[in-house]
Amino acid sequence: MSEDFRSRYEAVRERAFEFEGMTGELSVAIFLALLDLQRENGVTGHFAEFGVYQGRSAAIVLGDVGESETLALVDWSAHPKLDRLAAISTRFRMFKGSSEKMSTDKDLLSLLDAGVRFSHHDASHSFSNVATEMALMENRIRPRGLMVLDDYGSIAYMQVIAACFHHLYTKDSQLEILLHADNKAYLCRRADFPFYAPFVLERLPALLRGAGLDCYLARTENDSRYRGFSLARKRAPTDPDLYGLNIWGDQFYKL
């Protein structure tokens with residue numbers, strides 16, 4: 001599994017990095033690992049990306065879009081390299097406009113209403129933009145689906161965090177943060193946290209290590225209101241795999 005994953009990761013990374021963009025190699029690997037988990041467990045549904053730029057992150061996920069699935073691309077600009085994306089797969093539709101305006105587009109809503117298993121949000125990053133997209137997708141993320149917020153934790157876009165928690169804690173949301181890594185937040189349904197958490201804790205670090213990305217996990221709270229994990233690259237190979245064991249023991253890593 002590890003060797004197969006490394007080969008797949010390296011091929012997709014090479015393909016994706018032919019497109020200009022900011023999504024890094026760690027995010028490429030995490031995307032693929034989570035999509036592999038969905039596929040192993042028969043999770044299906046459409047894909048959505050808000051804010052495409054030239055298409056790097058779209059190039060990552062396109063290979064996982066199945067015959068009955070479509071990747072909805074939403075962007076107001078002329079940047080997306082649609083011809084190059086089509087060389088990977090033609091299972092996408094482009095919706096031209098800002099997220100706020102497209103949130104009432106009948107064609108887009110018809111696609112999203114069928115259910116989405118993976119959405120990636122990388123548009124303007126304004127508070128209004130993030131809040132609008134989260135509200136749009138709240139009831140359209142399918143069981144065992146994932147929502148990914150870009151620039152979550154970036155000092156230039158702290159409003160992404162504010163908008164995220166505004167939605168989670170004031171809108172009766174059924175979503176919660178599963179993982180924070182590489183300036184992205186991965187959200188799942190609360191009911192699906194027990195499905196994803198063992199994978200993040202027990203399998204994801206090993207898969208990443210096998211792909212040449214040695215990372216550690218951090219979890220310093222295990223409260224029903226926040227129980228997510230954080231993941232980052234190790235500074236040295238001798239660094240521990242789990243942060244804080246020498247301080248608190250493993251109490252925060254018990255599922």
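The values are calculated or read from the model by the stated rules, or taken from the named source; none is laboratory data. Everything numeric here is computed off the predicted structure, so don't read it as measured data. Note: ideal-geometry Cβ built from the backbone for every residue, glycine included; neighbour counts use all protein chains shown. Note: areas computed on protein heavy atoms with side chains; ligands, DNA, RNA excluded. Shrake-Rupley method; radii C 1.70, N 1.55, O 1.52, S 1.80 Å.
Keeping every protein chain present and rolling a 1.4 Å probe, give me the accessible area per residue for the stretch 191-255 in Å². Walk me through the intermediate numbers first.
Numbers: 3620 Å² over 65 residues.
It amounts to 56 Å² per residue over the stretch 191-255.
Taking max minus min of the alpha-carbon positions on each principal axis, the stretch 128-235 gives extents of 38, 32, 24 Å, largest first.
Residues in the stretch 1-138 average 42 Å² of solvent-accessible surface per residue, probe 1.4 Å, ligands and nucleic acids excluded.
Considering all C-alpha pairs of the stretch 134-189, those separated by over 14 Å amount to 50%.
Averaged over residues, the count of other Cβ atoms within 10 Å places the peptides 201-209, 126-134 in the sequence 126-134, 201-209, highest first.
Where the accessible area of the stretch 35-156 is counted over protein heavy atoms with a 1.4 Å probe, how much of it, in %, is carbon and sulfur?
Working: 2420 of 4990 Å².
Using a 1.4 Å probe with all protein chains present, the stretch 35-156 comes out at 48 percent carbon and sulfur.
Averaging the Cα positions of each part gives two centres, and for the stretch 1-41 and the stretch 87-123 these lie 22 Å apart. For the chain, what is the percent of antiparallel DSSP beta bridges, rounded to the nearest 5? That works out to approximately 40 percent antiparallel. Less than 5 angstrom separates the built amide H of Ser119 from those of Ala48, Leu146, Met147, Val148, all sequence-distant by 5 or more or on a different chain. Magnitude of the charge dipole for the chain, about its Cα centre and with charges confined to Cβ atoms of Lys, Arg (+1) and Asp, Glu (-1), is about 200 debye. Using the Cβ-Cβ distance between Met94 and Ala236 with R0 = 35 Å, the FRET efficiency computed as 1/(1 + (r/R0)^6) comes to roughly 0.20. Here are labelled values, (i) 14.2; (ii) 13.2; (iii) 16.1, and one is the computed mean projected area of the Cα convex hull in nm² for what I pasted. Which one? Among (i) 14.2; (ii) 13.2; (iii) 16.1, the one calculated here is (ii).
Around Leu108, under 11 Å between beta carbons, what's the net of Lys plus Arg minus Asp minus Glu among the other residues? Display every interim value, and only then the final one.
Details: positive: Arg93, Lys96, Lys101, Lys106, Arg140; negative: Asp105, Asp107, Asp113.
Result for the local shell: +2.
Couplings 3J(HN,Hα) for the stretch 37-52, derived from phi with the Karplus relation 6.51 cos²θ - 1.76 cosθ + 1.60 (θ = phi - 60°), are 4, 4, 5, 4, 10, x, 7, 10, x, 6, 10, 9, 9, 10, x, 9 Hz, where x marks Gly and Pro. Shape summary of the stretch 121-165, radius of gyration then Dmax from alpha carbon positions: 10.5, 32 Å.
Projecting the Cα positions of Tyr216, Asn139, Pro198 onto the charge dipole of the stretch 135-225 (unit charges on Cβ atoms of Lys, Arg, Asp and Glu, taken about the Cα centre) puts Asn139 furthest along the positive direction. The long axis of helix 2-16 is offset from the longest Cα principal axis of the chain by roughly 40 degrees. The label-point distance for Lys106 and Ser77, in a model that sets each label 7 Å from Cα toward Cβ, rounds to 3.1 nm. Scaled against 2.2 N^0.38 Å for its residue count N, the alpha carbon radius of gyration of the stretch 65-118 is 1.15.
Would you mind checking the tilt of helix 127-137 against the longest principal axis of the Cα atoms of the chain, expressed as 0 to 90 degrees and rounded to 10? Tilt relative to the chain: about 80 degrees. Dipole of the stretch 121-171 (Lys/Arg Cβ +1, Asp/Glu Cβ -1, origin at the Cα centre): which of Val130, Leu168, Leu149 lies farthest to the positive side? My answer, from the dipole projection, is Leu168.
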